[in-house]
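Structure, as structure tokens:
The values are calculated or read from the model by the stated rules, or taken from the named source; none is laboratory data. What you see is a predicted model; the values in this text were computed from it and never measured. FYI the Cβ positions are ideal-geometry reconstructions off the backbone, even for glycines, and counts take in every protein chain you see. We work out accessible area using only protein heavy atoms, side chains counted, and drop any ligands, DNA or RNA first. Shrake-Rupley method; radii C 1.70, N 1.55, O 1.52, S 1.80 Å.
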Amino acid sequence: MTDNRFTFDGQSVTAKRGQSLAAALTDAGHRTFRTTAKSAERGIFCGMGVCQDCLVSIDGQPNQRACMSLASDGMTVTRQVPFPAFSGTAAKAGAPLTLAPDVLVIGGGAGGLSAGIAAARAGADVVLLDERKVSGGQYYKQAADGVVLDGQQRDGADLVAAAKSAGITILSGVELWGAFDDLLFMAQQGDRAIIARPKTAIVATGAYERPVMVPGWTLPGVMTTGAAQTLWRSYQSLAGKRLAICGSGPLNLQVAVELARGGATIVRLAERAAHPVTRPLQAARMAVSGPALAMKGLKMEWALRRLGGTVRYGSDLIGVAQCGNALAATFQSSDGTRDTIEVDVVCMNAGFEPQNEILRLLGVSMHYDPAMGHLRCHTDDAMQTNIRGLYAVGDCKGLGGAPAACDEGVIAGTHAAAAAGFGDAYDLHSVRRRLTGHRRFQSRLWPLYDIAPRQAADMPSDTIICRCEELTLDDIRTGLDDKPGHAGTLKRATRVGMGRCQGRYCGPVAARMVAETTGKPIENLSFFAPRVPIKPVAISSIFAAEEAVREKT
Amino acid sequence: MKKPEVIVIGGGVTGTVAALTLAEAGASVMLIDEGVNAGSGANAGSLHVQMQSRFMRLYPDQVPNVEAALPFYRMAAEEWVRLDKDLGGIELVRKGGLMLAETEEQLAFLSKKAEREAAQGLSVEILNREALDRIAPWLGLQIIGAELCRDEGKLNPLIANRLLGARAAAVGVRRLAGRVTALRPTPQGIELETAHETLTADKVVVAAAWGAGALVHGFGVSLPTKAEPLHMNITEPGAPVINHLVQHAERSITLKQFSTGQIVIGGGWPATTAGWSAPPTVISGSMLQNVALAAHLAPAISNLRVIRTWAGMNTTIDGASVIGPLPASDRIVMAVPGDAGYTLGPLVGRIAAQLAMGDMGEIDVGRFSPARFAT
Ligand SMILES: Cc1cc2nc3c(=O)[nH]c(=O)nc-3n(C[C@H](O)[C@H](O)[C@H](O)COP(=O)(O)OP(=O)(O)OC[C@H]3O[C@@H](n4cnc5c(N)ncnc54)[C@H](O)[C@@H]3O)c2cc1C
Ligand SMILES: Cc1cc2nc3c(=O)[nH]c(=O)nc-3n(C[C@H](O)[C@H](O)[C@H](O)COP(=O)(O)OP(=O)(O)OC[C@H]3O[C@@H](n4cnc5c(N)ncnc54)[C@H](O)[C@@H]3O)c2cc1C
Ligand code: FES
């Protein structure tokens, strides 16, 4: 296998084959990828194409996400400046692709792959669009070079192989940006525009991570736990040598162990929730409904301690500051004591937010789940939403975990194929029973953690809430003076949520702030109004899509 | 003497300026706004002065109204310049507007249009490609010339709305959220019906845009106000290079760059209404064609990404504004701007407020009287 060489701001960088730019730059010790309008530095944050903070300029093209771009030989990469020059070249894009499959699956993770396999086995023509370059999604995260680290990756590899042998057309590196009435979808794959008018569609877009918003959470080197996991599992890059991991939930512990095994020192794993021992009843209920998973959790904690990691319960990150080349992370424990440790990288995960943009855009009905702090989408027994022909599975409906996503996928795939005229939705009894079990386990797992979103009142007023527009809690509060009736009004008054990521992180906070001032309960309509594009889309790609649509009509 | 009680219906730019003008003139002012679908909250902040080709094409019968009102547009732009100073900066830039031609026919159309506009006192000029290269080198190579109207410009409506709202509050305007469902004359004044209560006022200013026609139905006028859902797009930031407000001689587009570096693309592409109280919905065709046209005219912007689209509610009447008291009751004063209503809004709001206070003002607005819709 040959390595690739490229330059970053003039310095030569070597990339392993298949590595993302973000991973190659991390290996080379670079972590500032762009500067903002307010001269702040930014680097990898989400690691999955959501935050838009890892932007670089590649061969003169600005606004490219390093985490989603492949490092290739001879590239000229530069840090992105706040106001990049226009390229001055005319729009050029590859020939557009139009698709009309029986079943369109959006998302190539546990839920999407399972759905696609079920539908294809029933005889339907299935196209699966996946944003990542390599299928598998967040749970089954596959290595770019095909190396299999453990059982989880092996299961994922099997699922991807099954999808291929079932005859699914998998299109990778495809970003869906538009969803319109009557199941019309628009996407881009590099320069190429894709237009899909399927008979049925299954949305399986998963979730992204809820951060721990504290002063300093936008510094390069502070990233989501999933971002560090992707660097490691997909590209064998360690985000840093000395790490702190914080927030709440089982992913933090799992990634801590993975990174420790990979050679990192977990200086601290800070879990917000109290130790399960202090809540034996809840812990026992969880263990009864999922003994194997409960055992796995215990073993992981022992493993982490054996590898020299420190675990603290009832401990929360309250701030990060730059300290030379290192980051000074300050924690507070439940008794109020604080301490500061020096690390290279701070990872955070305090729960998940469903990627439900497509569903909200198309008018799928939702309700707010206060325990998880996010919206849940309504589906019937067939996983069909209130929009005919539109199905939803997995975490995009509200968090449910990978095993549940797989089973929901099987149900949705079978029914979507049947609706398109292939097979009848055969007896899914055992799948449904298994799904009930997974859901019971989930409902008993999360009470052990502390993922309820933080109240704005509990955050320091200089905490940045809107990463893109660089707005602090105080900046946003000024917009509350006029008693906005809706998050959209607060947005227009303060610009909160107006940036490239379109309110992925600040949106839930803004919705809660408005709900607090109006006294109205949070519901679907409390959040920013969903609009196309779901993700920023290049004007050249819209130009190409327009040509394709015009030629058709 | 007791302060007159005035209620302003509609809290967009027109109603807000009317309310603060009234309060500054000594009235006791309440502003009632339903808080949905204000054109002012969705508009693009273009200061339009020259006749818009889109409008001339869509509503040819209304062109004479617009043409006769051209000096009013210029005054409206001046009103914004005053407000910019007064409010402490709304990112107003007045470098002029370019209307582009790709063919000789289009250029000839613009030349004729420019003559008519010059006759109404506008500062206009036809530029050839060479002249364009000096001020707008990023234009597509197929552009052969343009009409430059120096009276035009752009501002940031998000900032303007916020500052105007704050100014209104500071001079004592009280705000009430709600929908007025009916107006009734009484011997003492006007009664206003809302969902929760009945209010009374000495005078009422109706600045309710698309909602105005229904409110004054039965007062001897039939006001054809219509809601028109329109589409907008905005990009991520780029280097500041586009100074002008850009339009086309034949096709629907407005394109300009905000001080944030973002490019705003609009120009009257349709959206669909999603029911009365919800904002309109974006349709795919408008987004594709509007943005593709922008890329065609200014290819240099193609490497930027569109980050958001939205849709908002414009109001159409007969091209001209409706300003002044109703024939059936001089206690009800209309304040509904004509085409390019954000440009006109502050001037329309101020004049209506003055009329409500019995001040005839310095501008004759007889031609905009609601009497033209008398039944
Ligand atoms: C000058 C200007 C510049 C702008 N610049 C930007 C920019 O840089 N970036 C940017 O992102 N935006 C920008 N905007 C647009 C801005 O996003 C919108 O104008 C507005 O703030 C929010 O969106 P909206 O109009 O789509 O919805 P709003 O007018 O806020 O309406 C929200 C409504 O949608 C409803 N709603 C919520 N969820 C749903 C749902 N699931 N289904 C149906 N309805 C729902 C709510 O109940 C509410 O009634 C700009 C606007 C203007 C005027
Ligand atoms: C997408 C878009 C882009 C535009 N771009 C431009 C531009 O660049 N330049 C320009 O000059 N113009 C533009 N316009 C037009 C401009 O926005 C409007 O004409 C202008 O904002 C009208 O202002 P207004 O205050 O009169 O009414 P609006 O801002 O529409 O406000 C009317 C208010 O009255 C309320 N209301 C209605 N009925 C009732 C009732 N019965 N009781 C209580 N309240 C009621 C409504 O809820 C609303 O809040 C654009 C319009 C749109 C939709
Ligand atoms: S790190 Fe690349 S988009 Fe978030």
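Scanning region B:64-118 for residues that are within 25 Å of B:THR260 (Cβ to Cβ) and in contact with a Cys (Cβ under 9 Å, 6 or more places away or on another chain) turns up B:GLY96, B:GLY97, B:LEU98, B:MET99. In region A:155-168, the residues that are within 20 Å of A:ASP125 (Cβ to Cβ) form Cβ pairs under 6 Å with partners that are of a type in the set (Ser, Thr, Tyr), at six or more places apart or across chains, as follows: A:VAL160/A:SER135.
Considering (1) within 22 Å of A:GLY173 (Cα to Cα); (2) more than 10 Å from chain B (Cβ to nearest Cβ), the lone condition that A:ARG500 does not fulfil carries the number (2). When region A:510-526 is filtered for residues that are β-branched (Val, Ile, Thr) and closer than 15 Å to A:ASP481 by Cβ, the ones remaining, listed by number, are A:VAL514, A:THR517, A:THR518.
Looking across region A:337-384, the residues that are in a strand (DSSP E or B), open to solvent by 40 Å² or more (accessible area, probe 1.4 Å) and within 15 Å of ligand 1 (Cβ to nearest atom) come down to A:HIS367, A:TYR368, A:ARG376.
For region B:226-237, name all the residues that are more than 15 Å from B:PRO279 (Cβ to Cβ) and touching a strand residue (DSSP E or B) at 6+ places or on another chain (Cβ under 7 Å). Once the filter is applied, which keeps residues that are more than 15 Å from B:PRO279 (Cβ to Cβ) and touching a strand residue (DSSP E or B) at 6+ places or on another chain (Cβ under 7 Å), region B:226-237 yields B:LYS226, B:ASN233, B:ILE234, B:THR235, B:GLU236. Considering A:THR36, A:THR32, the condition of being farther than 23 Å from B:VAL291 by Cα, modelled with pLDDT of 95 or more and within 16 Å of ligand 1 (Cβ to nearest atom) is satisfied by A:THR36 alone. Contact map, region A:135-152: residues that are assigned by TED's automatic domain parsing to the domain that holds A:ARG17 paired with residues that are modelled with pLDDT under 85 and in a loop (DSSP other than H, G, I, E, B), Cβ distance under 7 Å, separation 6+ or inter-chain. No pairs are found.
Exactly one residue out of B:THR200, B:THR186 is exposed (fewer than 15 other Cβ atoms within 10 Å of the Cβ) and touching a residue at least 60 places away in the same chain (Cβ under 8 Å): that is B:THR200. Of the residues making up region A:242-284, those that are more than 26 Å from A:LEU149 (Cα to Cα) and β-branched (Val, Ile, Thr) number 2.
Taking region A:401-509 as the region of interest, the helices (runs of 4 or more DSSP H) fully inside it that hold 1 or more residues being away from ligand 2 (no atom under 16 Å from the Cβ), closer than 25 Å to A:GLN282 by Cα and open to solvent by 20 Å² or more (accessible area, probe 1.4 Å) are A:402-419, A:429-445. Report whether or not B:ASN303 is open to solvent by 10 Å² or more (accessible area, probe 1.4 Å) and either more than 16 Å from ligand 2 (Cβ to nearest atom) or free of Cβ contacts under 8 Å to residues at least 40 places away in the same chain (or both). Considered against the rule, which asks whether it is open to solvent by 10 Å² or more (accessible area, probe 1.4 Å) and either more than 16 Å from ligand 2 (Cβ to nearest atom) or free of Cβ contacts under 8 Å to residues at least 40 places away in the same chain (or both), B:ASN303 comes out as yes. Out of all the residues in region A:202-222, is one or more away from chain B (no Cβ under 14 Å), under 30 Å from A:ALA417 (Cβ atoms) and within 13 Å of ligand 3 (Cβ to nearest atom)? Among the residues of region A:202-222, at least one is away from chain B (no Cβ under 14 Å), under 30 Å from A:ALA417 (Cβ atoms) and within 13 Å of ligand 3 (Cβ to nearest atom), which makes the answer yes. The conditions of being surrounded by fewer than 21 Cβ atoms within 10 Å (Cβ to Cβ), part of a loop (DSSP other than H, G, I, E, B) and either under 19 Å from the mean Cα position of the chain (by Cα) or in contact (Cβ under 8 Å) with a residue 12 or more places away in the chain (or both) are not met by A:PRO533. Checked across region A:84-104, the condition of being within 25 Å of the chain's Cα centre (by Cα) and closer than 23 Å to A:VAL174 by Cβ holds for at least one residue. In the set A:GLY116, A:GLY167, only one residue is buried (at least 23 other Cβ atoms within 10 Å of the Cβ) and more than 14 Å from chain B (Cβ to nearest Cβ); that residue is A:GLY116. Comparison of A:ALA162, A:ALA124, A:ALA143 shows that the only residue that is open to solvent by 20 Å² or more (accessible area, probe 1.4 Å) and among the aliphatic types (A, V, I, L, M) is A:ALA162. Name the single residue, out of those in region A:48-75 being part of a loop (DSSP other than H, G, I, E, B) and either among the β-branched types (Val, Ile, Thr) or open to solvent by less than 10 Å² (accessible area, probe 1.4 Å) (or both), that is farthest from ligand 3 (Cβ to nearest atom). So the residue we want is A:ALA71. Considering region A:21-36, and only residues there that are touching an Asp or Glu at 6+ places or on another chain (Cβ under 7 Å) and in a loop (DSSP other than H, G, I, E, B), the residue that is nearest to ligand 2 (Cβ to nearest atom) turns out to be A:THR36. Here B:ALA292 meets the list (1) within 16 Å of ligand 1 (Cβ to nearest atom); (2) facing another protein chain (nearest Cβ under 8 Å); (3) of a type in the set (A, V, I, L, M, F, W, C); (4) not in a strand (DSSP E or B) almost entirely, failing just condition (1).
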